[in-house]
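Report on the following structure.
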Amino acid sequence: MLEVLTRNNAYILIAQADGKVTVWGHPEYCPEPITVDGLGACYLTGVFREGYLSPGMRLNFPCDGRRLNTSRIQALKLKRLN
């Protein structure tokens with residue numbers, strides 16, 4: 001489980017066996033867990049990199065028929081599943 005802290009929100013990401021990712025944490029778009037395909041991050045230039053996350057980039061994933069682009073990633077924290 002990975003916690004992605006952005007400037008505005010904290011997201012939880014859990015990789016699934018089929019390559020998809022369960023994500024939640026945005027109060028409007030994904031307050032409850034959703035499973036997505038194609039999660040990654042965008043550089044400030046807008047270039048998208050699937051399957052890659054780094055501080056300073058923006059978390060990006062499909063949600064409600066569009067791609068959600070978050071505020072900048074501040075930190076990534078590996079968490080233990082209980």
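Among the residues of the range 43-77, those identified as of a type in the set (A, V, I, L, M, F, W, C) and under 16 Å from Thr22 (Cβ atoms) are Leu53, Leu59, Phe61, Cys63, Leu68. Checked against the criterion of being of a type outside the set (D, E, K, R), in contact with a Phe, Trp or Tyr (Cβ under 6 Å, 6 or more places away or on another chain) and either on the phi < 0 side of the Ramachandran plot or surrounded by 13 or more Cβ atoms within 10 Å (Cβ to Cβ) (or both), the range 67-77 has at least one qualifying residue.
Every condition in (1) of a type in the set (S, T, N, Q); (2) at pLDDT 95 or above; (3) out of contact with any strand residue (DSSP E or B) (no Cβ under 6 Å at 6 or more places or on another chain) holds for Asn82 except the one numbered (2). Only one entry in Tyr52, Tyr11 is modelled with pLDDT of 95 or more, under 16 Å from Leu78 (Cβ atoms), surrounded by 13 or more Cβ atoms within 10 Å (Cβ to Cβ) and out of contact with any Leu (no Cβ under 6 Å at 6 or more places or on another chain), namely Tyr11.
When the range 20-33 is filtered for residues that are outside any loop (DSSP other than H, G, I, E, B) and touching a Phe, Trp or Tyr at 6+ places or on another chain (Cβ under 9 Å), the ones remaining, listed by number, are Val21, Val23, Trp24, His26, Cys30.
Yes or no, residue by residue, for (1) under 13 Å from the mean Cα position of the chain (by Cα); (2) aliphatic (A, V, I, L, M); (3) assigned to a strand (DSSP E or B):
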residue	(1), (2), (3)
Ile14	yes, yes, yes
Asp18	no, no, no
Thr35	yes, no, yes
Gly38	yes, no, no
Gly46	no, no, no
Ser54	yes, no, no
Arg67	yes, no, yes
Gln74	yes, no, yes
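The values are calculated or read from the model by the stated rules, or taken from the named source; none is laboratory data. Just so you know, these numbers come straight off a predicted model, no measurement behind them. Glycine gets a Cβ as well: all are built from the backbone with ideal geometry, and neighbour counts include every protein chain shown.
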